[in-house]
Amino acid sequence: MRQRPQYLSAEDRREATVQAVVDLAAEQNPAEITTTAIADRMGLTQGALFRHFPTKEAILEATMSWVGERLLVRVDEAAEDAASPAAALEAMFMTHIDFVAKRPGVPRMLFGELQRAEETLAKRMVQNLIRQYEQRLRRLMEEGKAQGELSAELNVEVAAALFIGTIQGLVMQSLLAGNASQIRRDAPAAFAIYRRGIGNSK
């Protein structure tokens, strides 16, 4: 049902469009989201929508940019407040879990972009987000090794990939169960297992 559109600045309208896409992705296959559905969700005509975004691909690119910026800001803030590298890793893990639990459409969109056969800017943006995330993880893990908190033999490349993979696995389980709250329930136990695997055994 259309809502009466309120006056918004161009920047606010763009952010509202991104939020509409994320909300729709939680309800249906992200690949099947149409500009008509986005406009309807916002209470706009397609013509009004295209005044801010020239193409559907531009909307997807803006959404990937929004997701990446906010996720990285949140995990950075969580890590900064932690007392040690291992505590920072746990804070990042739980912050990431909270981010996707509140926005179940986000992981569905990220998975969808990575599965696309063709190379698109949106897909490259997701790949770049993962690279930036892994760089942060590797840096923290090297600090943890130097401080004796993590295993000196830890392969930080593999450990960083496994960190993200653990979150992705939890997301997939929650999607299969059709229960977004499951990811929060299972996250502490999953991180505890991960932490034991990378920890210093001394």
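The values are calculated or read from the model by the stated rules, or taken from the named source; none is laboratory data. Bear in mind the structure is a predicted one, so any value in this text is a computation, not a measurement. Glycine also receives a Cβ, built like all others from the backbone with ideal geometry; neighbour counts cover every protein chain displayed. Side chains are part of the model used for accessible areas, which takes the heavy atoms of the whole protein and leaves out ligands, DNA and RNA. Shrake-Rupley method; radii C 1.70, N 1.55, O 1.52, S 1.80 Å.
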- Item | Estimated distance in nm for a label pair at ALA82 and THR95, the labels positioned 7 Å out from Cα along Cα-to-Cβ | 0.9 nm
- Message: Taking amide H atoms as placed 1.01 Å from N in the peptide plane, list the residues 5 or more away in sequence, or in a different chain, whose amide H sits under 5 Å from that of ALA26.
- Response: GLY105
- How many nm is it between the label spots at ILE130 and GLU27, if each spot is 7 Å from the Cα in line with the beta carbon? 2.9 nm
- Note on the structure: Answer in debye to the nearest 20: the dipole magnitude of the chain about its Cα centre, from +1 Lys/Arg and -1 Asp/Glu charges placed on Cβ, is 360 debye
- Query: Pulled fully out, how much extra length does the chain show between VAL158 and LEU175, if you take 0.36 nm times their separation in residues and subtract their Cα-Cα distance?
  - Reply: 3.6 nm
- Query: Which entry in [x] 11.5; [y] 12.5; [z] 10.2 is this structure's computed mean projected area of the Cα convex hull in nm²?
  - Reply: [y]
- Query: Roughly speaking, to the nearest percent, how much of the chain's 1.4 Å accessible area is carbon and sulfur?
  - Reply: 51 percent
- Message: I need the phi-derived Karplus couplings for segment 170-184: 6.51 cos²θ - 1.76 cosθ + 1.60, θ = phi - 60°, integer Hz, Gly and Pro marked x.
- Response: 5, 4, 4, 5, 5, 5, 5, 7, x, 9, 5, 6, 4, 5, 5
- Query: Reachable aspartates and glutamates from LYS102, Cα under 19 Å, same-chain residues fewer than 8 places away excluded?
  - Reply: GLU15, ASP23, GLU27, GLU69, ASP76, GLU77, GLU90, ASP186
